[in-house]
1. How do 415-423, 194-202 rank on mean C-beta neighbours within 10 Å, highest first?
2. How high is the FRET efficiency from TYR12 to GLN105, r the C-beta distance, R0 51 Å, rounded to 0.05?
3. So which chymotrypsin sites (Phe, Trp or Tyr not before Pro) in the stretch 6-88 pass both tests, a DSSP loop state and at most 10 other Cβ atoms within 10 Å of the Cβ?
4. Per 0.36 nm of contour for each residue apart, how much would the distance between ALA31 and GLU307 grow if the chain were fully extended, relative to their Cα-Cα spacing?
5. Using the Cα atoms of the stretch 159-286 to build a convex hull, what is its mean projected area in square nanometres?
6. Can you list the trypsin sites (Lys or Arg not before Pro) in the stretch 66-134 that are in a DSSP coil and have 10 or fewer other beta carbons within 10 angstrom?
7. Write out the GluC sites (Glu not before Pro) in the stretch 19-70 meeting two conditions: DSSP loop, and at most 12 other Cβ atoms within 10 Å of their Cβ.
8. Give, rounded to the nearest 20 debye, the magnitude of the charge dipole that the stretch 28-142 has about its Cα centre when Lys and Arg contribute +1 at Cβ and Asp and Glu contribute -1 at Cβ.
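Read-outs: derived from the displayed coordinates by stated rules, not from any lab. Since this is a predicted model, take the numbers as computed values, not measurements. No Cβ is skipped: glycine too gets one built from the backbone with ideal geometry, and neighbour counts run over all protein chains shown.
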Amino acid sequence: MDAAADTSLQDYLRADIVAADLPDLQPLLGARDLLRAFSTLFHGGEESVMVRLLVLRAIGERGQAPDWSPQELREHFAYLDPVKFDTVIGRLRDNDLLLWDGHTQRYRISPAGRQALAAIGMLLQFNREGDELAYVTAQIAAGQAVGRVRSDDLQHLLSRLNELREDFDQAVLSGSEHRIQRAAGTLQHAWRWIEKGTQIVEEISADLELDSHTHRVAQQIGRAQSAMLRQASVFQRALSQLDRHRVHLGASGLSSSDVNRYLRELDIDSLAGIADDLLTRTAIPAFMLAPIALDVAEYELVEREREAREDQSLPPAQAAPSAEGSPAAATDFGFAENWLDQLTALAGGPRADDASLPSAALAEVVPHDNFSVSAYRLSLLGLIGDPGAENREGVSASMARLPLAWRVEPVFETVGHSGVAYMSRGRLDTLSEEDLLRARQPRKRKAAAAAEEGAGEEGDDVATGDGAATAAAEAAPRKRKRTADSDAGDNEHDDKKTAAADAASKRRSKKAAKDTAPTA
């Protein structure tokens, strides 16, 4: 090793690491001369590499006469520029790829150059797509033939088999007919190399002189090859399923797959040429409602993603707040109580100059603060005069018992403040005592009519025709009698039974008299 090479290699390592301490680097350092041959061949631009390989391969192909004189080289490579050719020969000779024999005055390929040519020749032999498996298998076969099977070569084969199996699985999962067919073609191309690898692995596994690590890798290769052999049936099932869904274009014999394959083989310019003058406007389906489609698209593109990012977990447990500390308990009825105070002040205000009761326009008293509060105050006016307020307590009951009445006209008037632009014209009037009595009398008359109707239905069970009035007259004392008996308690129970018996006897005697009376 020269000092310059060691220094340059050490520059790639950390300061506390020595190149000699790296086990993986030792095989490369031991093959430095061979690697220098490859460095000589592949250093520089692509054109220079091509010319060097051309010259070295041509020199090595003459097996019957491996030695070349300078004159023979010039005559054989007469198609190359003399200056460039001398540069190539000098580079190959300076880097020990060509050996110069001063005694015979001839050139000869060095052993390192011969090894490099052999390796490059095998690479060129397996240069088609899918032949990388064949190259690795050939390396293992060559090593097994000479009794030098390396674990590294087996690892390369195992890695390639696993890569192919992963690619095949992805092709099946994609559901693409083109990917499945391409993967099936790759498998078919590599089939004989897989079988060849299986034979080699069987022979390696039967060799008892190999170490345990090599045997373990060989077993893993065997399992990977078995999985590859089962992949053919998987491809066949996937292709059969795709064939059932293939659409045929009439009786032309073509299918959608044929059209797809034809279009995929065209370049961009050809596709653009086919599409010229075919579509002049975008097709708009008449059956699709644009607002509904927009709502669905908005949910799928925005709302669904937003819901996925939201935290749907339950909040942590905490004690319930006390009723005294609740802010809503003190403010829920604040606006209603303020409105009740204003209405009470309006109802109890002084009379006008003409001795009329207080009255106010709705546009003057209802709007307050903002639109929400104004609308709330207007809605509470509907409680005024509610007949069921006698049985309630609170702000709503107090508002229902106010001596007020309000009316609305079908005309708008401008307000222009408190968030209200305009509202229906109306007034809020104070009712006198006479008006309140007249308002309550219809309710009392309705209650009395309901009571009389109930009493009349009870009397119909015992009196008909001309005796209806008498029965109704007797029914009223009888009802009052039952009420008095129920209030008196259990001690007057016998008196009630006696009164009921007397009343029944009177009704029977009247009915008998009516039946025996002469008819007109």
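1. 194-202, 415-423
2. The value I calculate is 0.75.
3. Those satisfying the criteria are TYR12, TYR79.
4. Full extension of this stretch gives 93.2 nm more.
5. Spelled out: convex hull of the Cα atoms, projected over all directions, averaged, 12.4 nm².
6. ARG128
7. Answer by residue number: GLU61.
8. The dipole of the stretch 28-142 has a size of about 240 debye.
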